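Taking it in order: structure first as structure tokens, then the write-up.
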Amino acid sequence: MPGSAHRLIGLIILCPALALAAGRNDHGRGDGGHGRVADGGKPAEEATEAGAPVATDFNCDKPGNPVEAMVCQDDSLTRQDNRLEKVYAQALELAQQGRPGAESKLIAEQRRWVKSLKDCVKTEDMHMCLGDVYIMRITQLQAAWGLAPALTPLRYVCKGNATRTVLATFYRTHPPTVKLEYNGSTAILHQGLSGSGARYAAPGLELWIKGREASITWRGEPLDCSSQPSP
């Protein structure tokens, strides 16, 4: 999407829920005009009420708001939505096999993300906003659940009164993402524009890399770090 890189950081702030049912029919024209269908042949909204995990709960036969109408009627957004369905289904399968509570956490996160889509109505170009936000959600899921190719993780040792370590795993998503692990917490950051070095950001988080040196801001805590060989 032309110019999307210029808006990535702003959209991260606009839709903070980004920090996260394959096999259903397409939106709009692709399903014969009857809206989305969830597993088992139930309409998506009925499956959602029954607690079934779905990536979005739009009824394209009767769109409930301008966002749903645009996603259902626009071919490019429909393709993005179908791609999200596949990636979300992969993440959900991993969550179901993971630690207790991972599945319910992912479902709740996804529902918050769907609700956050309405923020695009406030922007100058809702279509462009939705396209970028969909891309960011897809790449966030890919990085969070290891669904995209990754580089060898880098270990950053940070200066201070005590040794602090940040583990960074870079994923070949579009746009590029990095998963940071620090002090028992994990966060996904997206790459944005930078005059020098590589800069990744999310709400309250920043990673700015210049060679082996990295400046990290972790929810208000500044860290001055250098990359070290992984053990």
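Observations
- As a summary of the residue check, ILE135 satisfies the conditions (1) assigned to a helix (DSSP H, G or I); (2) crowded, with 22+ Cβ neighbours inside 10 Å; (3) not aromatic (Phe, Trp, Tyr) except for the one numbered (2).
- Residue within segment 172-187 that is more than 13 Å from the chain's Cα centre (by Cα), assigned by TED's automatic domain parsing to the domain that holds ASN65 and more than 23 Å from MET70 (Cβ to Cβ) present: no
- So VAL87, is it closer than 23 Å to THR173 by Cα and modelled with pLDDT under 95: no
- Checking GLY23, GLY51 one by one, the residue that is out of contact with any His (no Cβ under 6 Å at 6 or more places or on another chain), farther than 15 Å from ARG137 by Cα, in a loop (DSSP other than H, G, I, E, B) and modelled with pLDDT of 50 or more is GLY51 and no other.
- Filter result for THR139 (assigned by TED's automatic domain parsing to the domain that holds CYS120 and either touching a helix residue (DSSP H, G or I) at 6+ places or on another chain (Cβ under 9 Å) or at pLDDT 95 or above (or both)): yes
- The single condition among (1) of a type outside the set (Lys, Arg); (2) in the same structural domain as GLU85 (by TED's automatic domain parsing); (3) exposed (fewer than 13 other Cβ atoms within 10 Å of the Cβ) that GLY220 does not satisfy is (2).
- Candidates ALA95, ALA89, ALA108, filtered to the one that is over 25 Å from PRO176 (Cβ atoms), assigned to a helix (DSSP H, G or I) and not assigned by TED's automatic domain parsing to the domain that holds ALA202: ALA108
- Taken together, TYR200, TYR156 contain a single residue that is at pLDDT 95 or above, buried (at least 19 other Cβ atoms within 10 Å of the Cβ) and farther than 22 Å from MET136 by Cβ, which is TYR156.
- Any hit, segment 118-130, residues being buried (at least 17 other Cβ atoms within 10 Å of the Cβ), polar (S, T, N, Q) and not in a loop (DSSP other than H, G, I, E, B): no
- Pair list, Cβ < 8 Å and 6+ apart or interchain, from segment 73-85 residues that are more than 18 Å from ASP61 (Cα to Cα) to residues that are at pLDDT below 95 and outside any helix (DSSP H, G or I): LEU84/ALA55; LEU84/THR56; GLU85/ALA21; GLU85/ALA22; GLU85/ARG24; GLU85/ALA55; GLU85/THR56
The values are calculated or read from the model by the stated rules, or taken from the named source; none is laboratory data. Note that the coordinates shown come from a computational prediction; the quantities given were computed from them, not determined experimentally. Every residue, glycine among them, receives a Cβ derived from its backbone with ideal geometry; neighbour counts consider all protein chains shown.
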